[in-house]
1. Taking the solvent-accessible surface of protein heavy atoms with a 1.4 Å probe, what is the per residue accessible area of region 13-67 in Å²?
2. Using only the alpha carbon atoms of region 10-64, find the Kirkwood hydrodynamic radius as the inverse mean reciprocal pair distance, in angstroms to one decimal.
3. What net charge do the residues around residue 60 carry, taking every other residue with its C-beta under 11 Å from that of residue 60, with Lys and Arg at +1 and Asp and Glu at -1?
4. 5 Å is the cut-off here: which amide hydrogens, built 1.01 Å from N in the peptide plane, fall below it relative to residue 45, excluding neighbours closer than 5 in sequence?
Amino acid sequence: MTPYDGAYHCHVPTHCPLKQPGDPPCKVTEHHLRHRKTGPDFPLLVIRCGTHRKHFTLYPPGYAPYRRQPVLDLAPDGTEPLGPAETPLHVFQGTLFDAMRSSSVIPRSA
């Protein structure tokens, strides 16, 4: 997960997810921008690791591969667009999950 700034640029990591202790340094470079039909409203950066010969897409906070909608409602830079007082759990208000979250747990007697 990589925060994207307002210009939809992101920090390119220094190593890829395949890096293991003792491996030679990763040679990470920007490869191309990937346009998506669903997900963020901007293209995502694809990086290439020359050491491991693999490509990786850098997703902004809240998004995951193969998802059509965000996992969490976050801005591209990782902040919550509704303000600091809100939490990701606010999406469950008024639902069955909210009732379960706010109810007290009564332990069963043996």
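1. Counting only protein heavy atoms, the per-residue value for region 13-67 is 67 Å².
2. After inverting the mean inverse Cα-Cα distance, the result is 12.1 Å.
3. Here the charged neighbours net out to -3.
4. Hits under the 5 Å cutoff: 34, 58.
The values are calculated or read from the model by the stated rules, or taken from the named source; none is laboratory data. Worth saying up front: this structure is predicted, and the values here are computed from it rather than measured. Cβ coordinates were reconstructed from backbone atoms using ideal geometry, including for glycine residues, and neighbour counts include every protein chain displayed. Ligands, DNA and RNA are stripped out before the accessible areas are found, and what is left, the full protein with its side chains, is counted by its heavy atoms. Shrake-Rupley method; radii C 1.70, N 1.55, O 1.52, S 1.80 Å.
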